[in-house]
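Q: This is the structure I want to talk about, given as structure tokens.
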Amino acid sequence: ELRPMTIRLRHTRTLVLAALMAVGECAAATFASAQIVFTSRDSSAISKVVASARVELTRPPNKLIRARQDALADSLVAVSLTPSSAGIGRDVLTAAVSTLSFSGSTGVKYPYSGAAERLLVVAQSARDEHLKSAATFGLGHLSDTAAATSALRTLAISASAQARWAVRYLGTSYGESGLQVLRALRRDGSVRDRTARRFLDQFAATYGWP
């Protein structure tokens, strides 16, 4: 299963700077100047990170590139978890989540393997339910089946409203791998959300599970 991932929101500005430097946008920048340029309300700077990420996260992987990708993906998570009071537009926050989803999706030649654990953080911790739902949707369409089903299982047994969608994607998106997770959840009785349990009952009836 996925290990817990910690995002330090206090350092969002630092993460954005690191991501920009990683993609070569401000290699000469200093942190002192970053404190002036990358304020929490600077949506244009954050939009630049998000736009660059779509390309950077889907490059052919190697050790150096993976380290840069991880720093950039962490920045996207930090942006996604930014409170509305920071003044960053909702469109920017949504773009950060959709970029993470795209980077690990089935239609990408070199999908980013760290997408699932980061989307799970957003699905659990975003302040906006729309962003949580977008992250859960992304988890339902990843190329890494093992990572995706592990993340969806975590959501399925939570008390969150995302549990119902996690159950739905486990039953429809990942074939036998997802169905095995659902059978185990039904045996254990570990799904708590009422609507999620109803979805699980529907799958059980379809496939003849006890």
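The values are calculated or read from the model by the stated rules, or taken from the named source; none is laboratory data. Predicted model, so just to flag it, every value in this text is computed and none were measured. Every residue, glycine as well, gets a Cβ built from its backbone with ideal geometry; the counts of neighbours run over all protein chains shown. Note: areas computed on protein heavy atoms with side chains; ligands, DNA, RNA excluded. Shrake-Rupley method; radii C 1.70, N 1.55, O 1.52, S 1.80 Å.
Q: Taking the residues in region 122-145 that are over 10 Å from the mean Cα position of the chain (by Cα) and open to solvent by 70 Å² or more (accessible area, probe 1.4 Å) as candidates, determine which candidate is farthest from S101 (Cα to Cα).
A: Checking each candidate, the answer is R127.
Q: Quick test of your reading of the structure: S150 fulfils all but one of (1) open to solvent by less than 30 Å² (accessible area, probe 1.4 Å); (2) in a helix (DSSP H, G or I); (3) out of contact with any Leu (no Cβ under 6 Å at 6 or more places or on another chain); (4) hydroxyl-bearing (S, T, Y). Name the failing condition by number.
A: (3)
Q: Then there's this: Within the set of pairs 6+ apart or on separate chains, which have a first residue in region 185-210 that is at negative phi, a second that is part of a loop (DSSP other than H, G, I, E, B) and surrounded by fewer than 14 Cβ atoms within 10 Å (Cβ to Cβ), and C-beta atoms under 7 Å apart?
A: R192/A159; D193/A159
Q: Working only within region 153-179, note down all residues that are surrounded by fewer than 17 Cβ atoms within 10 Å (Cβ to Cβ) and among the aliphatic types (A, V, I, L, M). Walk me through how you get there before you give the answer.
A: Of region 153-179, the ones surrounded by fewer than 17 Cβ atoms within 10 Å (Cβ to Cβ) are 159, 161, 172, 175-177.
Correct list: A159, A161.
Q: Separate question: In region 96-116, which residues are open to solvent by 60 Å² or more (accessible area, probe 1.4 Å) and over 21 Å from G175 (Cβ atoms)?
A: F102, K109, Y110
Q: Please go through region 180-210 and pick out each residue that is in a loop (DSSP other than H, G, I, E, B) and surrounded by 17 or more Cβ atoms within 10 Å (Cβ to Cβ).
A: If the condition is that a residue be in a loop (DSSP other than H, G, I, E, B) and surrounded by 17 or more Cβ atoms within 10 Å (Cβ to Cβ), then V191, D193 are the ones that fit.
Q: Return the total of residues in region 58-86 being in contact (Cβ under 8 Å) with a residue 24 or more places away in the chain, open to solvent by less than 40 Å² (accessible area, probe 1.4 Å) and more than 13 Å from the chain's Cα centre (by Cα).
A: Residues in region 58-86 being in contact (Cβ under 8 Å) with a residue 24 or more places away in the chain, open to solvent by less than 40 Å² (accessible area, probe 1.4 Å) and more than 13 Å from the chain's Cα centre (by Cα): 5 in total.
Q: Moving on to the next point. Give the number of residues within region 164-210 that are among the small types (G, A, S) and farther than 16 Å from A146 by Cα.
A: Of the residues in region 164-210, 6 are among the small types (G, A, S) and farther than 16 Å from A146 by Cα.
Q: Right, another one. Are any residues in region 125-153 over 19 Å from A78 (Cα atoms), touching a helix residue (DSSP H, G or I) at 6+ places or on another chain (Cβ under 8 Å) and of a type in the set (S, T, N, Q), and if so, which ones?
A: T145, T149, S150, listed by residue number.
Q: What pairs can you find where one residue is in region 110-131 and under 14 Å from L152 (Cβ atoms), the other is among the acidic types (D, E) and assigned to a loop (DSSP other than H, G, I, E, B), and their Cβ atoms are less than 9 Å apart, with a gap of 6+ or different chains?
A: From residues that are under 14 Å from L152 (Cβ atoms), the pairs are A115/D144; A116/D144.
Q: Oh, and also: From the set of residues in region 107-136 that are touching a strand residue (DSSP E or B) at 6+ places or on another chain (Cβ under 7 Å) and part of a helix (DSSP H, G or I), which is farthest from A147 (Cα to Cα)?
A: First pass over region 107-136, keeping only residues touching a strand residue (DSSP E or B) at 6+ places or on another chain (Cβ under 7 Å): 111, 115-116.
Applying the additional criterion that residues be part of a helix (DSSP H, G or I) yields 115-116.
Numbers: A115: 9, A116: 6 Å.
The extreme case among them is A115.
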